[in-house]
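Okay, so here's the structure we're looking at.
Nothing in this text is a laboratory measurement; each read-out follows from the coordinates by a stated rule. All values derive from a computational prediction rather than experimental measurement. All Cβ positions, glycine included, derive from the backbone under ideal geometry; neighbour counts span all protein chains shown.
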């Protein structure tokens, strides 16, 4: 079972996404923000994919994505951005920073599955 990390400061949203991941036969792990997730990565843990919220206090999802893409060991780790912002500017910025997908809140299980399939396919 593939491990997928959900990084979101909104516990309710993280729980909903985690439930969807379980229904899709993935093993979700939730982090309440980028800092604990970064600490887990630095400690040697690694998921097979990350679902990353953009709008979080202190460290944004875009900052976390940039951190991941600067490190060779995580450069190709699939990341799907999750946001309530539909602005093309935000989507373009996330994709230019190296996101493998972008889904809007509230996300459906079908949208999440489609984005994950594409992200896994792109990183083969």
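Worth pointing out:
- GNM result for the chain, Cα springs below 10 Å: residue of 20, 90, 81 fluctuating most strongly: 90
- Remark: the residue 39-residue 109 segment gains 22.4 nm on full extension, using 0.36 nm per residue and subtracting the alpha carbon distance.
- Relative packing of peptides 59-65, 91-97 - highest average C-beta neighbours within 10 Å first: 59-65, 91-97
- Over the chain, the ratio between the Cα radius of gyration and 2.2 N^0.38 Å evaluates to 0.94.
- Remark: 74, 5 ranked as 74, 5, counting other beta-carbon atoms within 10 Å and listing the fewest first.
- Normalised alpha carbon radius of gyration of region 9-69 [divisor 2.2 N^0.38 Å]: 1.10
- Note on region 81-124: Cα convex hull, mean projected area over all directions, 2.9 nm².
- With contributions of -39500 (n - 2.57) from each DSSP H run of at least four residues, the per-residue ellipticity at 222 nm computed over the chain stands at -13500 deg cm²/dmol.
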